[in-house]
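Peer 1: Handing you this structure, nothing more for now.
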Amino acid sequence: MANIKKGDLVQVISGRDKGRQGRVLEVLKGGERVIVESVQRVTKHTKVGQSNRGAKTGGIETVEAPIHISNVMVVDPVTRKPTRVGHRLETIQRDGRTRTVRVRYAKKSGKEL
C-alpha cells in the first residue's frame, strides 16, 4: 500500500532541495520513486531538430528528475508541516447500504488526505 499518490502535496526531507514543497506529478513504476513539481530540477540536453513547420526543437531544457520516495513526506492539510500517513477503515451509509472504505489520514491532525 503506497502512502504517497499522484496529486499529493509533499515536502522534501533530505537532499539538495530539503524543505521545498510541491505536488506529486507522477509515481514511477514499482512505487520507489516520485516526480515532484519544481523539485530536483536538472538540465537535459536533447538533440536539436526541426518540426514540420520549420521551428527548431530540442536544445537545453530544465526538467524534474525522479526522487526516492523515502526522501519525501506528505504535508498535513491543517498544519502545513510534514506528517506520517495512516490508514483507517470508515463505514459510509449511502442509499440504505453500508460500505467499508479504507481512508488515508494525516497522523498529526487526523484529517483525511
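Peer 1: Would you check if there is a residue in region 48-64 being assigned to a loop (DSSP other than H, G, I, E, B), modelled with pLDDT of 90 or more and surrounded by 12 or more Cβ atoms within 10 Å (Cβ to Cβ)?
Peer 2: Within region 48-64, not a single residue is assigned to a loop (DSSP other than H, G, I, E, B), modelled with pLDDT of 90 or more and surrounded by 12 or more Cβ atoms within 10 Å (Cβ to Cβ).
Peer 1: Within region 66-113, take every residue that is exposed (fewer than 13 other Cβ atoms within 10 Å of the Cβ) and small (Gly, Ala, Ser) and give me the one that is nearest to the chain's Cα centre (by Cα).
Peer 2: 70
Peer 1: Sticking with this structure for a sec: Checking residue 17 against (1) in a strand (DSSP E or B); (2) surrounded by 12 or more Cβ atoms within 10 Å (Cβ to Cβ); (3) charged (D, E, K, R): exactly one of these is not met. Which one?
Peer 2: Here residue 17 clears every test but (1).
Peer 1: Taking residue 70 as the residue in question, decide whether it is of a type outside the set (A, V, I, L, M), closer than 22 Å to residue 9 by Cβ and either without any contact (Cβ under 8 Å) to a residue 24 or more places away in the chain or in contact with a Cys (Cβ under 7 Å, 6 or more places away or on another chain) (or both).
Peer 2: Judged against the criteria, residue 70 is a match.
Peer 1: Does residue 25 satisfy the condition of being modelled with pLDDT of 95 or more and under 23 Å from residue 109 (Cβ atoms)?
Peer 2: Against the criterion (modelled with pLDDT of 95 or more and under 23 Å from residue 109 (Cβ atoms)), residue 25 does not qualify.
Peer 1: To continue, here is another question. Condition (residue is charged (D, E, K, R) and assigned to a strand (DSSP E or B)) applied to region 65-86: is it met by at least one residue?
Peer 2: no
Peer 1: Among 37, 32, which is exposed (fewer than 12 other Cβ atoms within 10 Å of the Cβ), closer than 20 Å to residue 2 by Cα and among the acidic types (Asp, Glu)?
Peer 2: So the residue among 37, 32 that is exposed (fewer than 12 other Cβ atoms within 10 Å of the Cβ), closer than 20 Å to residue 2 by Cα and among the acidic types (Asp, Glu) is 32.
The values are calculated or read from the model by the stated rules, or taken from the named source; none is laboratory data. Note that the structure is a prediction, hence the values are computed from the model and not measured. With ideal geometry, Cβ positions are generated from the backbone for all residues, glycine too; neighbour counts draw on all protein chains shown.
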